[in-house]
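J.: Sharing a structure here in structure tokens format.
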Amino acid sequence: MNGLHVGVLGLGRAGLMHARNLAQNPDVDRVTLLGRDENRLSNAAHRLLESIAPRASTIIAGEHAPTSSEVDLAWSTSSVAAVAADIDGLVIASPTASHPDLTRQAARAGVPVLVEKPLSIDLEQLEALSDELDEYPSQVMVAFHRRYDPAHQALRGRILGGDAGRLRLVRATGHDHLPLSLDYIPKSGGMWLDMLIHDFDAIPWVTGEHVVCVQAVGSVLDEPLYRDYGDTDTAAAILTLESGALALVSGMRHNGAGQDVRLEVFGSENTFSAGLEPRAPVTSTEPGVPGPAQPYDQFIDRFEIAFRSEIAHFVRVIRGEDANLTPPRSGIHAVEIAEAAARSRLTDAPVDLQSSATR
């Protein structure tokens, strides 16, 4: 197999970031942005070109123009079915509601897929779709990018290797620096499914333990529009793991200090952390301790290495050189936890997930 041709569906931050990383991957020769609006596609392609220079040197205006660059950037208004025979893989970063159908279309056509999380925000639909996708030969990777982050992978290795001793407590911090745009709030899926879903995936993955009980609270302290949609901009959850160890999860939509994402694991013998680094936006009041060095501005900056690693892994999956770390079924438990957190917040009562331990 020569250099790959990968399509990218979705022109938001995540889609263009994935397209940039694909264009800068030496095993990819062609990236095609897919969408319905030619003006948006053309503008996105030119913005992408500026972000990946010097490797890319041209944009193909349409589907049949000649190619001459080291990596070709194209745009197309064709459907997934129409381009399936021409592409080696597809990244889906469109609005969440479109994920199930687009993923199904690509998988049926035999195209490997990297789809942004969540594959579905409805648990029953996700379970049924996972069963269906199991029947297709093409791989579907769900973009739980922390599983591809070197620090989180090392943390998982330490914990599962027993270096922390007996698990006692986990503390997950998920605080975004930049607030959501107001028009995205109604369609985001909410704090639990849109934002903290990554923590709900990472905690069981790193510890090797399922969550059996969830208790959650939330407040609206930043933007009143969240309240109109039954959402929250400031939240916390206590998760009980199979062993009885606890996980404390905090979420904030707007953290003025900077992007703060950490996962800390406390055991009987040692404590380990992913994200405790010089750019973590926490200022110590201890004498002589320096403040944070240029905190991250947004999640794309915070997980730059993870996103590039994820795309590199997707390329290897397309080429049949590596295993899929995040198949659709792997996201079911995270959605279970998120749904339980949403119910717990509304009822002010813990939600039991004992049946999850048997998965």
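The values are calculated or read from the model by the stated rules, or taken from the named source; none is laboratory data. Model, not experiment: these values are computed from the prediction. Reconstructed Cβ throughout: ideal geometry from the backbone, glycine too, with neighbour counts over all protein chains shown.
J.: Would you point out the residue of the range 241-292, among those that are within 21 Å of the chain's Cα centre (by Cα) and of a type in the set (Gly, Ala, Ser), that is surrounded by the most Cβ atoms within 10 Å (Cβ to Cβ)?
T.: Ala247
J.: Another question about this same structure. Looking only at residues in the range 11-41 that are charged (D, E, K, R) and in a loop (DSSP other than H, G, I, E, B), which one is nearest to Asp72 (Cα to Cα)? So that I can check it myself, show each step before the final result.
T.: Of all residues in the range 11-41, those charged (D, E, K, R) come to 13, 20, 27, 29-30, 36-38, 40.
Adding the requirement that they be in a loop (DSSP other than H, G, I, E, B) leaves 27, 36-37.
Details: Asp27: 13, Arg36: 20, Asp37: 20 Å.
Going through the qualifying residues, I end up with Asp27.
J.: Considering only the range 91-108, state which residues are buried (at least 17 other Cβ atoms within 10 Å of the Cβ) and either modelled with pLDDT under 90 or in a loop (DSSP other than H, G, I, E, B) (or both). Can you show your working first?
T.: Taking the range 91-108 as the starting set, the residues that turn out to be buried (at least 17 other Cβ atoms within 10 Å of the Cβ) are 91-94, 96, 99-100, 102-107.
Within the range 91-108, Ala93, Ser94, Thr96 meet the criteria.
J.: Spot the failing condition for Phe299; the list is (1) modelled with pLDDT of 95 or more; (2) hydrophobic (A, V, I, L, M, F, W, C); (3) surrounded by 14 or more Cβ atoms within 10 Å (Cβ to Cβ), and only one is missed.
T.: (1)
J.: Right, another one. Could you list, in sequence order, all residues of the range 274-323 that are under 22 Å from Gly89 (Cα atoms), touching a Leu at 6+ places or on another chain (Cβ under 9 Å) and either without any contact (Cβ under 8 Å) to a residue 12 or more places away in the chain or not in a helix (DSSP H, G or I) (or both)?
T.: Arg319
J.: Considering each residue of the range 127-145, count those that are touching a strand residue (DSSP E or B) at 6+ places or on another chain (Cβ under 8 Å) and under 15 Å from Gly331 (Cα atoms), and give that number. Steps first, please.
T.: Restricting attention to the range 127-145, the residues satisfying the condition of being touching a strand residue (DSSP E or B) at 6+ places or on another chain (Cβ under 8 Å) are 133, 138-143.
Filter again for under 15 Å from Gly331 (Cα atoms), leaving 133, 139-143.
Summing the residues that are touching a strand residue (DSSP E or B) at 6+ places or on another chain (Cβ under 8 Å) and under 15 Å from Gly331 (Cα atoms) in the range 127-145 gives 6.
J.: Since Asp88 meets every condition but one in (1) of a type outside the set (Ser, Thr, Tyr); (2) at pLDDT 85 or above; (3) buried (at least 22 other Cβ atoms within 10 Å of the Cβ), which condition does it not meet?
T.: (3)
J.: Just a yes or no: is a residue in the range 283-290 assigned by TED's automatic domain parsing to the domain that holds Gly174, among the small types (Gly, Ala, Ser) and under 22 Å from Thr234 (Cα atoms)? First the steps, then the outcome.
T.: If we filter the range 283-290 for residues that are assigned by TED's automatic domain parsing to the domain that holds Gly174, which is where we start, we get 283-290.
Subset that is among the small types (Gly, Ala, Ser): 284, 288.
Then keep just the ones that are under 22 Å from Thr234 (Cα atoms); that gives none.
No: zero hits.
J.: Further question on the same structure: State all residues of the range 238-266 that are in contact with a helix residue (DSSP H, G or I) (Cβ under 7 Å, 6 or more places away or on another chain), within 24 Å of Leu178 (Cβ to Cβ) and assigned to a strand (DSSP E or B); if no residue qualifies, say none.
T.: If the condition is that a residue be in contact with a helix residue (DSSP H, G or I) (Cβ under 7 Å, 6 or more places away or on another chain), within 24 Å of Leu178 (Cβ to Cβ) and assigned to a strand (DSSP E or B), then Val249, Gly251, Val261, Leu263 are the ones that fit.
J.: So, one more: On the given criteria, is Ser330 of a type in the set (S, T, N, Q), in contact (Cβ under 8 Å) with a residue 12 or more places away in the chain and over 16 Å from Phe200 (Cβ atoms)? Steps first, please.
T.: Details: of a type in the set (S, T, N, Q): yes; in contact (Cβ under 8 Å) with a residue 12 or more places away in the chain: yes; over 16 Å from Phe200 (Cβ atoms): no.
Considered against the rule, which asks whether it is of a type in the set (S, T, N, Q), in contact (Cβ under 8 Å) with a residue 12 or more places away in the chain and over 16 Å from Phe200 (Cβ atoms), Ser330 comes out as no.
J.: Out of Leu178, Leu160, Leu169, Leu196, I need the residue that is closer than 18 Å to Phe299 by Cβ and surrounded by fewer than 20 Cβ atoms within 10 Å (Cβ to Cβ). Which one?
T.: Working: Leu160 fails: closer than 18 Å to Phe299 by Cβ; Leu169 fails: closer than 18 Å to Phe299 by Cβ; Leu196 fails: surrounded by fewer than 20 Cβ atoms within 10 Å (Cβ to Cβ).
It is Leu178.
J.: Consider the range 149-173. How many of its residues are at negative phi and either at pLDDT below 95 or out of contact with any helix residue (DSSP H, G or I) (no Cβ under 7 Å at 6 or more places or on another chain) (or both)?
T.: Step one: list which residues in the range 149-173 are at negative phi, which gives 149-161, 163-164, 166-173.
Adding the requirement that they be either at pLDDT below 95 or out of contact with any helix residue (DSSP H, G or I) (no Cβ under 7 Å at 6 or more places or on another chain) (or both) leaves 151, 153-154, 157-158, 160-161, 163, 166, 168-169, 171, 173.
Total satisfying the criteria: 13.
J.: Could you check Ala154 against (1) closer than 15 Å to Arg262 by Cα; (2) exposed (fewer than 15 other Cβ atoms within 10 Å of the Cβ); (3) in contact with a Leu (Cβ under 7 Å, 6 or more places away or on another chain) and say which number it fails?
T.: Condition (3) is where Ala154 drops out.
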